[in-house]
Amino acid sequence: MRVDVVSIFPEYLAPLELSLIGKARQDGLLELNVHDLRTFTTDKHRTVDDTPYGGGAGMVMKPEPWAQALESIANAQAAAIGDSSDGPTKPVLIVPSPAGERFNQALAYELAEEEQLVFACGRYEGIDERVMEWAAGHFTVRPVSLGDYVLNGGEVAVLAMVEAIGRLLPGVVGNPESLVEESHSDGLLEYPVYTKPSSWRDRDVPAVLLSGNHGKIAQWRRHEQFRRTAERRPDLLVEFDAGRLARADRTAFGELGYDVVDGRLRRRPDGDLPD
Ligand code: SAM
């Protein structure tokens, strides 16, 4: 996968040289290019912002440097693909924004399938809206939010998204099995994990994990996923596909106060607990 990031603070992206993502870059699994937006300005002050039309607080990022930067990335990619391309597939342009669709594991999986991702890091009050309209001619434009809060710029959001997407690329995580059981991979949170020693500061590891009985361990872990998700993120259970749950799983959910109705989990009214 090729990733291009445009920012006025290229140094902010330095952590992507570390750890698994850094190694993926060294191994050629991920090509990452960071571009300084100011190199696409033409005035001596390298201006990237101006006052907002209509008045109000803050500054807005000017359209022209963004157009120059994105055009140069689009042209470089078109030249790299050359005539060998089967057809014009537009790269995805992700515009981090608190007003975008929410980033989650499903979107990370979807974006991990792309050949090229371009990230446009906004600052100040954001980027002149016309840039996104114009860019739709070259890219599939997706405004994406990291969560319902406001950051100072898109760089932190890009660090999080590139890490979440990059670790899904084949070969990046040593044991692909570890991706399968993680939180959010199947709509549930992960079960609690433990390591040696088996007894620590008067706290014992759950006995089932020391039993060697793989069937029982798998069932315990699954039911811990149910319990933890019901306790911490009941909103996830609304979307959970419960239609194919085994009888033991339905019983476990029943004990947590949930019934399966038409393939979905329904929370029983408070106080209506199982016998
Ligand atoms: N005025 C904008 C608004 O209310 O929607 C917020 C601008 S914010 C101070 C500056 C930049 O930070 C945004 O253009 C965006 O790139 C980034 N940003 C802020 N919060 C974000 C979030 N939750 N997710 C992704 N990017 C965010």
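Quick notes
- When residues of the range 59-83 are limited to those that are outside any helix (DSSP H, G or I) and more than 27 Å from the chain's Cα centre (by Cα), the one nearest to T42 (Cα to Cα): K62
- Pair list, Cβ < 9 Å and 6+ apart or interchain, from the range 105-126 residues that are of a type in the set (S, T, Y) to residues that are open to solvent by 20 Å² or more (accessible area, probe 1.4 Å) and away from the ligand (no atom under 13 Å from the Cβ): Y109/L168; Y109/S185
- Condition met for W134 (more than 28 Å from V95 (Cα to Cα), aromatic (F, W, Y) and away from the ligand (no atom under 16 Å from the Cβ)): no
- Against the conditions (1) closer than 20 Å to L70 by Cβ; (2) surrounded by 15 or more Cβ atoms within 10 Å (Cβ to Cβ); (3) within 9 Å of the ligand (Cβ to nearest atom), A99 satisfies every one except (2).
- Residue satisfying condition, being within 30 Å of S72 (Cα to Cα), open to solvent by 80 Å² or more (accessible area, probe 1.4 Å) and of a type in the set (V, I, T), within set V150, V193, V156: V150
- For the range 22-38, the tally of residues that are open to solvent by 60 Å² or more (accessible area, probe 1.4 Å) and within 21 Å of R130 (Cβ to Cβ) stands at 1.
- When P52, P15, P65 are checked against the criterion of being surrounded by 16 or more Cβ atoms within 10 Å (Cβ to Cβ) and not aliphatic (A, V, I, L, M), a single residue qualifies: P65.
- Residue match in the range 53-73 (condition: touching a Ser or Thr at 6+ places or on another chain (Cβ under 8 Å), among the β-branched types (V, I, T), within 14 Å of the ligand (Cβ to nearest atom) and modelled with pLDDT of 95 or more): yes
- Within the range 146-161, residues that are over 12 Å from V5 (Cβ atoms) and aromatic (F, W, Y) have Cβ atoms under 9 Å from residues that are within 6 Å of the ligand (Cβ to nearest atom) and modelled with pLDDT of 95 or more in these pairs: Y149/P98, counting only partners at least 6 apart in sequence or on another chain.
- Counting only helices (runs of 4 or more DSSP H) wholly contained in the range 113-225, the ones carrying 3 or more residues that are modelled with pLDDT under 95 occupy 177-180.
- So A78, is it within 14 Å of the ligand (Cβ to nearest atom), of a type in the set (A, V, I, L, M) and farther than 19 Å from S7 by Cα: no
- Test: R123 is within 12 Å of the ligand (Cβ to nearest atom), basic (K, R) and over 17 Å from the mean Cα position of the chain (by Cα): yes
- Scanning the range 137-158 for residues that are within 11 Å of the ligand (Cβ to nearest atom) and within 17 Å of L93 (Cα to Cα) gives P143, V144, S145, L146, G153, G154, E155, V156, A157, V158.
The values are calculated or read from the model by the stated rules, or taken from the named source; none is laboratory data. Here the structure is a predicted model, which means the values were calculated and not measured. Heads up, the Cβs are rebuilt from the backbone with ideal geometry, glycines too, and the neighbour counts pull from every protein chain shown. Ligands, DNA and RNA are excluded from the accessible area calculation, which covers all protein heavy atoms including side chains. Shrake-Rupley method; radii C 1.70, N 1.55, O 1.52, S 1.80 Å.
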